[in-house]
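All remarks here apply to the structure that follows.
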Amino acid sequence: MKKNSLLNHFTFHFGIYFTSTIISKIIPFLLLPIITKILIPAEYGKWSVFSSILAFTVPFAGLMMRYHIARSYYKLSREKIGELLSNVIFITLISSICIFLLSVIFSLFYKGFFMDYRIYLIPLLAFLTCISEYFTTILRYEKKPILYAVFELSGTLILWIIAVALIISDIMKWEGMLAGSVLSAFLITVFSLMYFKKNGFLIFKFSKEAVESALKIGIPLLPHAAAASVIAMSDRLILVKMTTTEIVGIYSVGYALGMTVNIFIEAFNKNWGPWIYEKLTDTSEETKILIVKNTYIFIAVLTAAFIAVCAGGNLYITFFIDIKYHAAVPILYWAALSAFFRGLYIAIFPYMTHLGITYIYSVITVTSGIINIILTVILVRYFGMIGAAQATAAAFFLMFFLLFIFSNSRFPMPWLFFLKRIK
């Protein structure tokens, strides 16, 4: 295995990650014709809104501490990582309980979407999701892609087998997907904790140093995570207010299909994170050029994925999805473009995390989030649901552009190295 080649370094691992990711992500899309045939757009829209609220809640449960686990893996001993992970899990439990109490208080004063038992499932699912994120982080940095793949596929299969069974049997409507999510997340969390215990990653010892270090890196990222969630969910929440849940359901189908570009991005990032954090410890020009070269390879393949999703998604909606969702086709294109810009952002994300300058993510994402909300309201008023997708794409582009400018000022990379060689 050649040391100076990213492709040689993790081609096998990437293949496993990519295969497991594409299978786990394609399962819900293969089931989409069944789901959309049974559920009316308004029902599917409710699931989309619930998922968006959950995505917003998860960062506050985990306080973004998983990034500290990632950046510390190569810096600390196994015992210290276990000590850090145990304290992080405890903090996550406390923050999830706080979210639950806030949910109880909120439900007393506001009556609307999910203001029943379902709102109490949000903090539970947020906690379980955080544990699974810590588990997948450890697996990636331990370079165990096969176990990761088994874990990922098992969770997906459990979720959708339960969901489809409940929906087809008419026991539940969109709540069938919620029931599948809860049971799947619970079983995976139990397995995660067993793995941590068996492999020495659970050391129940309070460490002020571990807590402070995790919060020091994680908390500055909270505004970033919150704003990123706002960008990801504001389109649907604004559409609910300005249009109907039926339109949200149609919009969500197109958006979900467009976001399949993320299949490639996620598979790439599962390898990119461990590799680039290790490479960034070497500041030589040769290593920097290696990173840039492989970033360009990623962008080339990402572009191909974007084109493939736009073409394939159009055909899929036209020939396989129920006709009442066919208006989602234009949303597909803008959603795929959003994912494309997100991929560019992820490729350069590690630089500032490596330097510990995490506050900049919050500044950039909050700025982009505010602009996104304003744009969404304006564009939805004039262009309907297409305007919401356009505003989201603009926000993701702004996030990438601002981070690129700042990162290059603090951690310059030889992006134009080939021009120097021509001279």
Handout entry: Unique residue being under 30 Å from SER213 (Cβ atoms), surrounded by 17 or more Cβ atoms within 10 Å (Cβ to Cβ) and among the hydroxyl-bearing types (Ser, Thr, Tyr) when the list is THR376, THR367, THR353, THR392
Key = THR353
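For segment 371-390, give me the residue count where each residue is out of contact with any Phe, Trp or Tyr (no Cβ under 6 Å at 6 or more places or on another chain), in contact (Cβ under 8 Å) with a residue 24 or more places away in the chain and of a type outside the set (Lys, Arg).
9
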Practice task
Any residue in segment 161-176 that's under 16 Å from PHE29 (Cα atoms): show its pairings with residues that are among the acidic types (Asp, Glu) at Cβ separation under 7 Å, as long as the two are six or more apart or on different chains.
Solution key: TRP174/GLU43
Handout entry: Condition met for ALA179 (closer than 18 Å to ASN87 by Cβ, touching a Leu at 6+ places or on another chain (Cβ under 8 Å), among the small types (Gly, Ala, Ser) and crowded, with 16+ Cβ neighbours inside 10 Å)
Key = no
Practice task
Check ILE317 against each of (1) at pLDDT 85 or above; (2) farther than 22 Å from PRO145 by Cα; (3) surrounded by fewer than 20 Cβ atoms within 10 Å (Cβ to Cβ) and name the one condition it does not meet.
Solution key: (3)
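Yes or no, residue by residue, for (1) among the β-branched types (Val, Ile, Thr); (2) touching a residue at least 24 places away in the same chain (Cβ under 8 Å); (3) over 30 Å from TYR74 (Cα atoms); (4) in a loop (DSSP other than H, G, I, E, B):
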site	(1), (2), (3), (4)
LEU101	no, no, yes, no
VAL104	yes, no, yes, no
LEU125	no, yes, no, no
GLY155	no, yes, no, no
ILE158	yes, yes, yes, no
ILE188	yes, yes, no, no
Problem - Residue check for ILE357: touching a residue at least 40 places away in the same chain (Cβ under 8 Å) and either on the phi > 0 side of the Ramachandran plot or outside any helix (DSSP H, G or I) (or both) - result: yes
Completion exercise
In segment 48-66, residues that are at pLDDT below 80 and over 13 Å from the mean Cα position of the chain (by Cα) total 2
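Residues of segment 312-345 being among the aromatic types (Phe, Trp, Tyr) and without any contact (Cβ under 8 Å) to a residue 60 or more places away in the chain, which ones?
The answer is PHE319, PHE341, TYR345.
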Fill in the blank from the handout: Restricting attention to segment 190-218, the residues that are assigned to a helix (DSSP H, G or I) and closer than 21 Å to THR136 by Cα number exactly 16
Exercise for the section: Could you list all residues from segment 49-70 that are hydroxyl-bearing (Ser, Thr, Tyr) and either out of contact with any Gly (no Cβ under 7 Å at 6 or more places or on another chain) or in a loop (DSSP other than H, G, I, E, B) (or both)? Expected result: SER51, SER52, THR57
Exercise for the section: Might you let me know whether segment 83-91 holds any residue that is among the aromatic types (Phe, Trp, Tyr), assigned to a helix (DSSP H, G or I) and crowded, with 20+ Cβ neighbours inside 10 Å? Expected result: no
Problem - Residue in segment 182-220 that is surrounded by the fewest Cβ atoms within 10 Å (Cβ to Cβ), counting only those that are among the aliphatic types (A, V, I, L, M) and more than 24 Å from the chain's Cα centre (by Cα) - result: MET194
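Can you tell me which residue among ALA267, ALA256, ALA305, ALA232 is free of Cβ contacts under 8 Å to residues at least 60 places away in the same chain, more than 24 Å from ARG410 (Cβ to Cβ) and assigned to a helix (DSSP H, G or I)? I'd like the intermediate steps shown before the answer.
Details: ALA267 fails: free of Cβ contacts under 8 Å to residues at least 60 places away in the same chain; ALA256 fails: free of Cβ contacts under 8 Å to residues at least 60 places away in the same chain; ALA232 fails: free of Cβ contacts under 8 Å to residues at least 60 places away in the same chain.
Criteria check complete, one pass: ALA305.
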Fill in the blank from the handout: Scanning segment 395-408 residue by residue, the ones that are without any contact (Cβ under 8 Å) to a residue 40 or more places away in the chain and buried (at least 17 other Cβ atoms within 10 Å of the Cβ) total 2
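Residues are listed down the side, and each one gets a yes or a no for (1) buried (at least 20 other Cβ atoms within 10 Å of the Cβ); (2) small (Gly, Ala, Ser):
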position	(1), (2)
PRO33	no, no
LEU39	yes, no
ALA42	no, yes
SER77	no, yes
CYS98	no, no
ILE122	yes, no
SER132	no, yes
ARG140	yes, no
Completion exercise
Note on segment 297-341: residues under 19 Å from PHE397 (Cβ atoms) and either aromatic (Phe, Trp, Tyr) or in contact with a strand residue (DSSP E or B) (Cβ under 8 Å, 6 or more places away or on another chain) (or both) are PHE298, PHE306, TYR333, TRP334, PHE340, PHE341
Fill in the blank from the handout: Only one of THR21, THR92 is at pLDDT below 80, closer than 29 Å to TRP275 by Cα and of a type in the set (Val, Ile, Thr), namely THR21
Exercise for the section: Name the one entry in ARG342, ARG421, ARG381 that is closer than 28 Å to ALA304 by Cβ, modelled with pLDDT of 90 or more and of a type in the set (Lys, Arg). Expected result: ARG342
Handout entry: Options ALA393, ALA311, ALA336, ALA328; residue that is touching a Cys at 6+ places or on another chain (Cβ under 8 Å), assigned to a helix (DSSP H, G or I) and either among the hydrophobic types (A, V, I, L, M, F, W, C) or modelled with pLDDT under 95 (or both)
Key = ALA336
Handout entry: Flag if TYR74 is outside any helix (DSSP H, G or I) and in contact (Cβ under 8 Å) with a residue 60 or more places away in the chain
Key = yes
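The values are calculated or read from the model by the stated rules, or taken from the named source; none is laboratory data. Because the structure is predicted, anything quoted here is derived from the model rather than measured. Backbone-built Cβ (ideal geometry, glycine too); neighbour counts: all protein chains shown.
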